[in-house]
1. How many of the residues in the stretch 1-60 are of a type in the set (D, E, K, R) and under 30 Å from Gln85 (Cβ atoms)?
2. Could you tell me whether any residue of the stretch 51-71 is among the charged types (D, E, K, R), in contact with a Lys or Arg (Cβ under 6 Å, 6 or more places away or on another chain) and closer than 26 Å to Ile198 by Cβ?
3. Against the condition polar (S, T, N, Q), touching a strand residue (DSSP E or B) at 6+ places or on another chain (Cβ under 8 Å) and either open to solvent by 70 Å² or more (accessible area, probe 1.4 Å) or at pLDDT 85 or above (or both), how does Gln36 come out, does it pass?
4. Filter the stretch 166-194 down to residues that are buried (at least 17 other Cβ atoms within 10 Å of the Cβ), β-branched (Val, Ile, Thr) and free of Cβ contacts under 8 Å to residues at least 60 places away in the same chain, then give me how many there are.
5. Looking at Glu54, Glu69, Glu59, Glu64 in this structure, which one is open to solvent by 30 Å² or more (accessible area, probe 1.4 Å), touching a Leu at 6+ places or on another chain (Cβ under 6 Å) and in contact (Cβ under 8 Å) with a residue 24 or more places away in the chain?
6. Of all the residues that make up the stretch 6-56, how many are over 28 Å from Ala210 (Cβ atoms) and not in a helix (DSSP H, G or I)?
7. List, please: which pairs have Cβ atoms under 7 Å, are six or more places apart or on different chains, and start with a residue in the stretch 86-113 that is under 20 Å from Ala76 (Cα atoms) and end with one that is part of a strand (DSSP E or B) and of a type in the set (Lys, Arg)?
Amino acid sequence: MEQLVKRRYWWFVLSLVMILPGLYFLLLHPLLTTGQPRLGLRPSIDFSGGALWEVRFAERAPGELGSSEVGAAFAAAGFENAQVQMSQVDLDGSPIVTALVRTRPLNEQTPLQDRQAVEAALNDQIGTAVIERLESVGPTVSQESTRSAVIAVIGASLIILLYLTWAFRQAPHPFRYGMCAIISMVHDVVIIIGVAAIFSTFNPRFEVDALFLTALLTILSFSVHDTIVVFDRVRENLLARQPDQHFSDLVNHSIVQTLPRSINTQMTTLFTLTALLFFGGETIQNFVLILLIGLVVGTYSSIFNAAQILVVWEYREWKNWFGRGRRDHEKPATA
């Protein structure tokens, strides 16, 4: 435990290892596979606009129906270039073929006629089809949703920065505490968005929707909560420090003091989320999964990133990046 801060660069490397796969699937993978520069996220219709159809085919067995046939039926109904993802569900012990189809939005004047046209085309060309779900969002609403989501994340970050700077105004360099918390939050956001990109690549039912945004903002609150606990103990120890005590030792001691509390607090939430993941139903499964991952990442970043960055800033280690805060480069904590 006495080596937590001294090994801070190992924690930074571990963070980098967690970030890089997500960045690959977020930025490079879609470019390499499609040849187009876009994000590797599958946005829900809340953010992308269009219509989302979930269709069940009771008369078809798995393997008997392909996405091209479903796409042709939608094209015959006037919905060209439909994106079709085939899957199956178990109904009373029997596998049932289902399709998740993305199309242009329904006509605002004739939505019922559009639905009836699709139902007729599916029944004529494929067989008995039941539309289990239909959601439609226009482009204007989707753009507003995307803009609001970005503003919410940026606004929350700025308010947290200002609040922490004010809350730690009695500590030396209070702005550092706010900035270190924000850097830690950015670390969490990048990892979670990277995880979402990985899930979007390998899980056709995972989408970035309003629940994902809710989970992301909740994760930020988890992360900042833990960071404040550690920073508050650093502030208290600064007031009672010994004249010859090094700042890195003081931060390490503060982390050790708060570590049991952080773990115990987060474990209770972890147990609850795990129960929800297994027994909460499919509709909130992705939401709970993102919360679980974010809870672990947020706890990690508060202990192994935010506090460590505070030490790096205190010693200005970027001037001698590979010194790693050795004793000959350290100095006693300042008031």
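1. 7
2. yes
3. The answer is no for Gln36.
4. Final tally of qualifying residues: 2.
5. Testing whether each residue is open to solvent by 30 Å² or more (accessible area, probe 1.4 Å), touching a Leu at 6+ places or on another chain (Cβ under 6 Å) and in contact (Cβ under 8 Å) with a residue 24 or more places away in the chain leaves just Glu54.
6. Looking only at that region, the number is 3.
7. Matching pairs, first to second residue: Thr98/Arg56.
Let's see how each residue does on (1) more than 30 Å from Ser148 (Cα to Cα); (2) part of a helix (DSSP H, G or I); (3) out of contact with any His (no Cβ under 9 Å at 6 or more places or on another chain):
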site	(1), (2), (3)
Ala75	yes, yes, yes
Ala99	yes, no, yes
Gln116	yes, yes, yes
Leu122	yes, yes, yes
Ser136	no, no, yes
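The values are calculated or read from the model by the stated rules, or taken from the named source; none is laboratory data. Keep in mind that what you see is a predicted model, and the values were worked out from it rather than measured. As a convention, Cβ positions derive from the backbone with ideal geometry for all residues, glycine included, and neighbour counts pool all protein chains shown. Heads up: the accessible areas ignore ligands, DNA and RNA and are worked out on the full protein's heavy atoms, side chains in. Shrake-Rupley method; radii C 1.70, N 1.55, O 1.52, S 1.80 Å.
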